[in-house]
Amino acid sequence: MGTANKVPGVSGGIVAFVMGFYETFIYSLQRFNSKSANLFFQGRFKSFYLYINGRFLSLLFLGMIISYFSISKLLDYLIGRYELFVWSVFFGMIIGSVIYIYNDYQSWNFKTAITALIGITVGIGISLLDPATQDDNLWFVFFCGIVSVTGMALPGFSGSFILILLGNYVMLLVDSVNTLFDTFIFVLTGDFGFISDTQHMRLLKVLLVFTFGSIIGLISLSHVLTYVLKRYKNITLALIMGFITGSLGVVWPWKKTIYKQDNFGEILVDANGSQVIENYQRYLPEINFHTISLILFIILGVGIILGLDWYGKKRKKYI
């Protein structure tokens, strides 16, 4: 989920949905309420841990944190050198997710079909929006944190792509995360010179505010989703399936990044020296060896998801 959340166009919620622990994830987050707060402040930490399903959440978030500093580093490397192949695998994985959830869904009727179409329309519409420019205002960063967790709570809504649209993807998920990693290295080596580095400390403050906003957003959204899932489960799942289907347009492998330019044709850069993305230009590929290779990687992505589904069903059979 951590790796998926960092990749624009891919939703960490899809991982939870396909692996079968989406509802457990949402219901566990919903346990952060007044009762859990009372248990915590009364010093009943074991009861608090059991009440919030602490073992599940701690293992999940530990895996996500580790992925940010390990698997996602590898992913950054691969995207920089084999971008089309990486996008092809993700495109295939989302197709596999769509196949998986549509086959598993048994509540189709007029209402759920219309709801799914609305989800598809919204997903496609979001993918066509133009990105904004970077803004490090702390209130806006806090808002970005709240909005970015939609990718974890709503399968098909890519939080990292939303950050691209808001203009803060590079600052929040690349620069600030790398700054935190560098900070750990500096502290371990006894080098505290970064404290006098204004830009370094600013990025740490931005990351702290973004993290706080993400926590608030995730807990708040989980309460809303718990209420909706309990009362309108079939319609909610149909809407989620629509989101996932609509998100295919975001990760279409054959696209070219369009950067913003000034009046002289020079590419604009933000405060951190990163090129400012304007949008993505999607195109239909020519039939050649390279295209066939990408299609094979799409098939690989589909196979990964369907293989996980097969493994999950086989595992349940023998438990």
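The values are calculated or read from the model by the stated rules, or taken from the named source; none is laboratory data. Model, not experiment: these values are computed from the prediction. Heads up, the Cβs are rebuilt from the backbone with ideal geometry, glycines too, and the neighbour counts pull from every protein chain shown.
Listed values, structure above:
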{"quantity": "Near pairs, Cβ below 8 angstrom, 6+ apart or cross-chain, from region 287-308 (farther than 20 Å from ILE101 by Cβ and part of a helix (DSSP H, G or I)) to any residue that is among the hydroxyl-bearing types (Ser, Thr, Tyr) and at pLDDT below 90", "calculated": "LEU294/SER88; ILE295/SER88; PHE297/SER88"}
{"quantity": "Any chance SER148 is modelled with pLDDT of 75 or more and crowded, with 24+ Cβ neighbours inside 10 Å", "calculated": "yes"}
{"quantity": "Which numbered condition LEU154 misses (of (1) at pLDDT 80 or above; (2) under 22 Å from ALA16 (Cα atoms))", "calculated": "(1)"}
{"quantity": "Answer from VAL209, VAL224, VAL250 - the residue that is at pLDDT below 80 and under 26 Å from the mean Cα position of the chain (by Cα)", "calculated": "VAL250"}
{"quantity": "Lone unmet requirement of (1) under 19 Å from SER160 (Cα atoms); (2) in a helix (DSSP H, G or I); (3) free of Cβ contacts under 8 Å to residues at least 60 places away in the same chain for LYS230", "calculated": "(1)"}
{"quantity": "Looking only at region 253-301, and only at residues there that are buried (at least 17 other Cβ atoms within 10 Å of the Cβ), at pLDDT below 85 and aliphatic (A, V, I, L, M), the one that is nearest to PHE17 (Cα to Cα)", "calculated": "ILE277"}
{"quantity": "Test: SER107 is assigned to a loop (DSSP other than H, G, I, E, B) and either among the hydroxyl-bearing types (Ser, Thr, Tyr) or buried (at least 21 other Cβ atoms within 10 Å of the Cβ) (or both)", "calculated": "yes"}
{"quantity": "Residues of region 204-223 satisfying the condition of being closer than 15 Å to LEU173 by Cβ and among the polar types (S, T, N, Q)", "calculated": "THR211, SER214"}
{"quantity": "Qualifying residue in region 201-212 (condition: touching a helix residue (DSSP H, G or I) at 6+ places or on another chain (Cβ under 7 Å), closer than 21 Å to TYR22 by Cβ and part of a helix (DSSP H, G or I))", "calculated": "no"}
{"quantity": "Of all residues making up region 187-204, the number that are more than 28 Å from ILE162 (Cα to Cα) and either of a type in the set (Lys, Arg) or surrounded by fewer than 16 Cβ atoms within 10 Å (Cβ to Cβ) (or both)", "calculated": "10"}
